[in-house]
2 protein chains.
Amino acid sequence: MKLYDLSLSGNCHKVRLFAALTGAPVEIVPVDFLGGEHKSEPLIGMNPFGEIPVLVDGDVVLRDSQAILVYLARKHGGDAWLPTAAEPLARVMQWLSTAANNVQHGPADARLIDKFGYALDKAHALRVSAQLLAILDAHLATRDWLELGRPTIADIAVFPYVALAPEGGVSLEPWPNVRAWIGRIKALPGFVGMPGIE
Amino acid sequence: MKLYDLSLSGNCHKVRLFAALTGAPVEIVPVDFLGGEHKSEPLIGMNPFGEIPVLVDGDVVLRDSQAILVYLARKHGGDAWLPTAAEPLARVMQWLSTAANNVQHGPADARLIDKFGYALDKAHALRVSAQLLAILDAHLATRDWLELGRPTIADIAVFPYVALAPEGGVSLEPWPNVRAWIGRIKALPGFVGMPGIE
């Protein structure tokens, strides 16, 4: 499997981290993001949204970091990381939507603005971040993991941009339960970091 | 099962439509949205994000329209609507992320601004809508359904706010393949509409 990747991307890190945790055989193909390689062929043909990561496994071409986590979990992670029964699958799915929406448009957008100069609405990103972190911290007050009492792809999908939030000017100091959860993820056997997540 | 619902919400309509198509026994509980019922107990306790729909099935409480579709599909829809093998599940998942992200922050946000007076960035919503509709139209040029050659919850998740796009000032005239796909969804046995989708 080939992962079209950018080392600084939290969305790519989700996939690299999950591959490291599960031993999924993912070959990293660095993308020249600053040169706009993801907006040109062949990558734009693989993902017309012009985003990375993109995963290629034989004839299977997948965009979207959440969909790639689902694929790897079903192929290499086993039921522990993504069960398929109605209730546990839906419980995990709630957080995959949160990752695609609130995490992306909260801490991830705040970081894009501060670190990469994107012309996005910083006040909006800070409001979304504050709501998300308050909800996460309350949720994690009585739980070690987001759902099912064990690490699932819900945790992996939400983790990188929450851990990178300070790079977007979003402090994690007010959120001790979030910080403890980040520590638990970092302690998982096989954990790998990225720039900004040691 | 109880669905906490707003008749004008496209996110709620996804669930009502899927229940109608599959015969899932969903009881509608109208929420006083203008009165802020979803921001107060007990609903805010069921979904701290303060959004609807919320589904309650015995002890199971689920937020997020995509997660609710996943739950209903696994309980009542069968493998046709949501397969669990790695590739087809991930293919559907790509569009659940698109629904949570691009559809929400494109045509759905444009409609929130025009129809309900939300203070969101209209120019941004129009840019996201234009990119999404161009990608959808190209994707549907060679396919009847978003993935797997048949209707899945990918179609149901993306459908309502695309069909409602004109209510946010986003014309579907330039996108014949999107309009044909909307027609195919409306022709599914058991289809139900909502205000703005006849």
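With charges only on Cβ, +1 for K and R and -1 for D and E, what is the dipole size of the protein assembly as shown about its Cα centre, in debye, rounded to 20? Using Cβ point charges on Lys, Arg, Asp and Glu, the protein assembly as shown gives about 180 debye.
Across the identical copies, the 7 Å label point of B:Arg150, projected outward along Cα→Cβ, sits 3.1 nm from its counterparts, in ascending order. For A:Val61, the point set 7 Å out from Cα toward Cβ sits 4.4 nm from its twins in the other copies, listed from shortest up. Three principal axis extents of the protein assembly as shown based on alpha-carbon atoms, in descending order, are 53, 48, 40 Å.
Karplus-derived 3J(HN,Hα) values for region A:28-35, using 6.51 cos²θ - 1.76 cosθ + 1.60 with θ = phi - 60°, are 7, 10, x, 10, 7, 5, 4, x Hz; glycine and proline are entered as x.
With an a/c value of 1.5 or above and a/b not larger than b/c for the gyration tensor axes a ≥ b ≥ c computed over the alpha-carbon atoms, region B:41-146 is described as oblate.
Backbone amide hydrogens, once placed in the peptide plane, bring A:Val29 within less than 5 Å of A:Leu3, A:Tyr4, A:Asp5, excluding anything fewer than 5 places away on its chain. Counting only DSSP beta bridges whose two residues both lie in chain A, roughly 65 percent are antiparallel. Counting only other chain Cβ atoms within 10 Å of each residue's Cβ, the peptide A:65-77 averages 5. Considering only A:Leu17, A:Gly35, A:Leu164, the residue lying farthest towards the positive end of the dipole of the protein assembly as shown is A:Leu17, judged by Cα position with unit charges set on Cβ.
When you count the other C-beta atoms within 10 angstrom of each residue and take the mean per peptide, B:183-190, B:71-78, A:43-50 line up highest first as B:71-78, A:43-50, B:183-190. The mean number of Cβ atoms from other chains found within 10 Å of a Cβ in peptide B:100-109 is 3, as a whole number. Histogrammed with a bin width of 5 Å, the alpha carbon distances of region A:86-186 distribute as 2, 14, 25, 26, 17, 9, 5, 1, 0 percent, first bin at zero. Legend: translational diffusion of region B:2-77 by Stokes-Einstein, Rh = Kirkwood radius over C-alpha pairs, 25 °C, 0.890 mPa s; D = 201 µm²/s.
Take each residue of peptide A:47-58, count the partner chain Cβ atoms within 10 Å of its Cβ, and average: the result is 2.
Geometric descriptor of region B:72-133, per residue, is 102 Å³ (volume of the convex hull of the Cα atoms).
Quick one: which of B:Lys14/B:Lys75; B:Lys14/B:Lys186; B:Lys2/B:Lys122 span more than 22 angstrom between C-alpha atoms? As for pairs spanning more than 22 Å Cα to Cα, those are B:Lys2/B:Lys122. Note on chain A: Rg/Rh from Cα positions, Kirkwood definition for Rh, rounded to two decimals, is 0.95. Across identical copies of the chain, B:Ala123 has label-point separations of 1.5 nm, listed in ascending order, with the point defined 7 angstrom from Cα along Cα→Cβ. Note on B:Ser9, B:Ser129: ascending count of other Cβ atoms within 10 Å places them as B:Ser9, B:Ser129, the fewest first.
No lab work stands behind these numbers, since they all come straight from the coordinates. These figures come from a predicted structure and were not determined experimentally. Note: ideal-geometry Cβ built from the backbone for every residue, glycine included; neighbour counts use all protein chains shown.
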